[in-house]
Amino acid sequence: MIPEVWAPRPERVRLWTENGAREMRRGDGDVWHADVELAPGDRYGFLLDDDETPLPDPRGRRLADGIHGPSTVVDPAVFADAGDWAGRELAGAVIYELHLGTFTPEGTADSAIARLDELVDLGVDFVEPLPVNGFEGSHNWGYDGVAWFAVDESYGGPAAYRRFVDACHRRGLGVIQDVVYNHLGPAGNYLPRFGPYLRTEGGNTWGDTVALEEPAVFAYVLENALMWLQDYGVDGLRLDAVHALADDRRDDLLTALSRQAERIERNGVRRPIALIAESDMNDARLITPVEDGGDGLTAQWSDDYHHAVHVALTGETEGYYADFASLDALVKTATRGFFHDGTYSSFRGRPHGAPIPETLEPWRLVTFSQDHDQIGNRATGDRLTATLSPDRLAIAAVLTICSPFTPMLFMGEEWGASTPWQFFTAHRDPDLGRATAEGRIAEFARMGWDAGSVPDPQDPGTFERSRLDWAERDEEPHARLLRLYRELIALRRREPAFGSAAFGDLKGWADDATGRVRLRIRDLEVRVNLGAEPWETDGGELLVATRDGVESGLLPPDSAAVIRMHT
């Protein structure tokens, strides 16, 4: 490897290695070069101006000593293609979101491999790890990453992550990697020392906005996406909070990512590539083809579907849940994708969103009843398991899996994990750690929570409590719920309507007074009884039921069924 670095800000750059320092020369475009070749395993960094502390390479693939230490050259053999994986299409698939650090007791990519066969038995098609790029401390959700090109050492580094991807592929599982291009974390962000990676004015919820108007920064993002898709062989990217990208360059970046994915599908990896946006904009432009004026992404999340399911099952109507109080909200999101499609959002205080054109396919929306945000951003990180009965957890399973959208599970959901998933950090700077903890506690205190009940994100126990307890999976009532999830995913595989329906194939009806819901997908009907009385209804072929006593024409209270309607 011959080191080089884009660094327009310093007047002098030297290459640091364990053998000493040597001057680098500035070339075209403010790219600095060194006339030396580094070997795998060599540690190196850059000395800017007269600072004698080496900074890691902004494109460094490994940080063996953490984000504050020098980079390490990775053997190119780590990134060699491991087989004949042909990929998977997103249409008709089921996604499984997981956090490597809390998925297993060991919290590494290698230890996660040992659990992959159980995900195959469950029936999922893709795993979606939360961000794995380099971050501060021993554990983090991953969204505070500052070393975008490095896999964090806590997970085993780049070689372990590549083994994880290859192990998934050998079992027929695709990998969608969560990536963050809208901000950088608060600790260890050395990029501004090199160049204008961040805007000096404005920002988003998490920090300064990435300066996409700078051509070198724009290219940096594209290069990072290419690394995951080509060098690590992942099958897609989940693009974090695209609404927080710079408004004036968002569409440019998303379109460029789409075009890049198309090119490498045809000429590079020769397998399907999925680009999935997390977005709260309720704007179908994201998934509209580029030739039709859109951004050309494969899919986007629909938080509205989560909100409607959550309110229907829990009765919570605080904050942004207020608009979803009626079961009609569940019908609308289940048949139209968005609830707010130009309607007034009381939480935002304005009209929000736009309708999804019927020409777009429903599977392009990723939907869920639980995910890392909707659990972890609750005050105590409590899952639905903490508040719902086993019967209602089973209804959540039906509404999650048996939809015309692309369902996503959050790790442990399939057995109703009792462990919380809380917000945790491990900042080394005591002032930053204290500010993070105090800010979190104050945020929920303003919403009426007892400050003593909000976990301290810096407390190691908060992280430890968030680890899955795999032993409970084989105990009741967890085992019963796991059997239901397997049965529902198997039904989804057998019934093509779930993955191929059009919006015109979807119908629904609900009644708040009785708590009854019907959701129709071609000849399949999901029936849910959330009321206190049995529901006698028309018959059909019973395909799946959530509890004993369910018949095609009778649903006891707190039950659901999937019925084939005969015409």
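Round to the nearest 10 and give me the degree value, 0 to 90, for the angle of helix 390-401's Cα axis relative to the longest principal axis of the chain.
Taking the Cα atoms of the chain, the angle to 390-401 is about 70 degrees.
Name the residue farthest towards the positive end of the dipole of the stretch 422-567 from the options Thr514, Pro496, Thr462, assuming +1 on Cβ of Lys and Arg, -1 on Cβ of Asp and Glu, about the Cα centre.
Going by the Cα projections, it comes out as Pro496.
With +1 on each Lys and Arg Cβ and -1 on each Asp and Glu Cβ, and nothing else charged, work out how big the dipole of the stretch 291-330 is about its Cα centre, in Debye to the nearest 20.
In debye, rounded to 20, the stretch 291-330 gives about 200.
Largest first, what is the accessible-area ranking of Thr406, Thr359 with a 1.4 Å probe?
Thr359, Thr406
Of Met281, Leu237, Val309, which is farthest on the positive side of the dipole of the stretch 232-309, counting Cα position, with +1 on Lys and Arg Cβ, -1 on Asp and Glu Cβ, and the Cα centre as origin?
Comparing the listed Cα positions along the dipole, Leu237 ranks first.
Averaging sequence separations of C-alpha pairs under 8 Å and six or more residues apart, then dividing by the length of the stretch 487-561, give the relative contact order as a whole percent. All intermediate terms of the calculation are to be shown ahead of the outcome.
Working: 128 pairs, mean separation 17.4, N = 75.
Across the stretch 487-561, relative contact order equals 23 percent.
When the C-alpha atoms of the stretch 68-213 are aligned to their principal axes, what extent does each axis show, in angstrom, from largest down?
49, 34, 30
Ignoring ligands and nucleic acids, what accessible area does Asp247 show with a 1.4 Å probe (Å², nearest 10)?
About 110 Å², rounded to the nearest 10.
Whole Å is fine, so just give me how far the alpha carbon centre of the stretch 530-561 lies from that of the stretch 210-269.
Their Cα centres are 46 Å away from one another.
How far is helix 478-494 tilted off the main Cα axis of the chain, in degrees rounded to 10, range 0 to 90?
Between the helix axis and the principal axis of the chain, the angle is about 90 degrees.
If the viscosity is 1.002 mPa s and the temperature 20 °C, what Stokes-Einstein diffusion coefficient in µm²/s follows for the stretch 337-442 when Rh is the Kirkwood radius over Cα pairs? Show your work: numbers first, answer last.
Values: Rh = 16.7 Å.
It comes out at roughly 129 µm²/s.
Quick one: if you stick a label point 7 Å off each Cα along the C-beta vector at Glu118 and His68, how many nm between them?
3.6 nm
Find the eigenvalues of the gyration tensor of the Cα atoms of the stretch 451-567, then list the square roots of 5 times those eigenvalues as equivalent ellipsoid semi-axes, largest first, in whole angstrom.
34, 18, 17
How much length, in nm to one decimal, is gained on full extension between Glu316 and Glu291, taken as 0.36 nm per residue of separation minus their Cα-Cα distance? Can you show the working numbers first?
Values: separation 25, 0.36 × 25 = 9.00 nm, distance 4.17 nm.
So the extension gain works out to 4.8 nm.
Explain nothing, just the number: dipole magnitude of the stretch 113-265 about its Cα centre with +1 on each Lys and Arg Cβ and -1 on each Asp and Glu Cβ, in debye rounded to the nearest 20.
Rounded to the nearest 20 debye, it is 300 debye.
Along the charge dipole of the stretch 383-516, pointing to its positive end and built from +1/-1 on Cβ of Lys, Arg, Asp and Glu, which listed residue (Thr400, Ala471, Thr387) has its Cα farthest out?
About the Cα centre, the residue reaching furthest to the positive side is Thr400.
Report Ile401's accessible area, 1.4 Å probe, all protein chains in place, as a number in Å² to the nearest 10.
Roll a 1.4 Å probe over it and Ile401 shows about 0 Å².
Translational D (Stokes-Einstein, µm²/s) of the chain at 37 °C and 0.692 mPa s when Rh comes from the Kirkwood sum over C-alpha pairs?
Estimated via Stokes-Einstein, D reaches 132 µm²/s.
Calculate, for Ala513 and Glu541, the FRET efficiency according to 1/(1 + (r/R0)^6) with r their C-beta to C-beta distance and R0 30 Å; round to the nearest 0.05.
0.60
Lys and Arg at +1, Asp and Glu at -1: add these up for the other residues within a Cβ distance under 12 Å of Ala21 and post the number.
Residues near Ala21 contribute -2 overall.
If the chain between Glu443 and Leu226 were fully stretched, how many nm would it gain, using 0.36 nm times the residue separation less the Cα-Cα distance?
Contour length minus the Cα-Cα distance gives 74.4 nm.
What percent do you get for the relative contact order of the chain when only Cα pairs under 8 Å and 6+ apart count?
Numbers: 1257 pairs, mean separation 63.1, N = 567.
Over the chain, the number comes to 11 percent.
Percentage of Cα-Cα pair distances in the stretch 418-482 greater than 19 Å, rounded to whole percent?
The calculated P(r) of the stretch 418-482 puts 46 percent of pairs beyond 19 Å.
From a point 7 Å beyond the Cα of Asn204 in the direction of its Cβ, which residues of the stretch 251-272 have a backbone N at a distance under 17 Å?
251-258
Take the Cβ-Cβ distance between Asn377 and Ala219 as r, set R0 to 30 Å, and report the resulting FRET efficiency rounded to the nearest 0.05. Mind showing how you got there, number by number?
On the way: r = 33 Å, r/R0 = 1.09.
Efficiency for this residue pair is about 0.35.
What number, in percent, do you get for the relative contact order of the stretch 274-352 if the mean sequence gap of Cα pairs under 8 Å and at least 6 apart is divided by its residue count? Before the final figure, lay out each step's value.
Numbers: 114 pairs, mean separation 18.7, N = 79.
For the stretch 274-352, the relative contact order is 24 percent.
Let me understand the stretch 400-441 better: what is its radius of gyration from the alpha carbons, and its Dmax, in angstrom?
Both quantities, over Cα of the stretch 400-441: 16.9, 48 Å.
For the stretch 285-349, restrict the atom set to alpha-carbon positions and state the Rg and Dmax in Å.
For the stretch 285-349, the Cα radius of gyration and maximum Cα-Cα distance read 13.6, 43 Å.
Summing Lys, Arg as +1 and Asp, Glu as -1, what charge do residues with Cβ under 10 Å from the Cβ of Thr335 carry, Thr335 excluded?
Numbers: positive: Lys332, Arg336, Lys507, Arg520; negative: Asp505.
Cβ neighbours under 10 Å give a net charge of +3.
If you add up the charges near Asn282, with Lys and Arg at +1 and Asp and Glu at -1, over every other residue whose beta carbon is less than 13 angstrom from its beta carbon, what do you get?
It works out to a net charge of -2.
If DNA, RNA and ligands are ignored and the probe is 1.4 Å, what is the ranking of Asp252, Asp35, Asp235 by accessible area, most exposed first? Intermediate values should be presented prior to the final figure.
Numbers: Asp252 75, Asp35 120, Asp235 0 Å².
Order by accessible area, largest first: Asp35, Asp252, Asp235.
For the stretch 25-78 and the stretch 329-349, compute the distance between their C-alpha centroids and round to whole Å.
Cα centroid to Cα centroid, the span is 49 Å.
Tell me the label-point distance for the pair Thr53, Arg348, using the 7 Å Cα-to-Cβ offset, in nm and rounded to one decimal.
That separation, rounded to one decimal, is 4.2 nm.
So if I place +1 on the C-beta of Lys and Arg and -1 on the C-beta of Asp and Glu, and nothing else carries charge, what would the dipole magnitude of the chain be about its Cα centre? I want it in debye, nearest 20.
Values: 56 positive and 95 negative charges, 173 e Å.
In total the dipole reaches around 840 debye.
Report, in whole Å, the centroid distance computed from the Cα atoms of the stretch 444-469 and the stretch 96-115.
22 Å
Which percentage, to the nearest 5, of the DSSP beta bridges contained in the chain is antiparallel?
Approximately 70 percent, going by the DSSP bridge assignments.
The values are calculated or read from the model by the stated rules, or taken from the named source; none is laboratory data. In this text, all values refer to a predicted model and were calculated from it rather than measured experimentally. Here Cβ is always computed from backbone atoms with ideal geometry, including for glycine, and neighbour counts include all displayed protein chains. Surface areas here come from the heavy atoms of the whole protein model, side chains and all, with no ligands, DNA or RNA. Shrake-Rupley method; radii C 1.70, N 1.55, O 1.52, S 1.80 Å.
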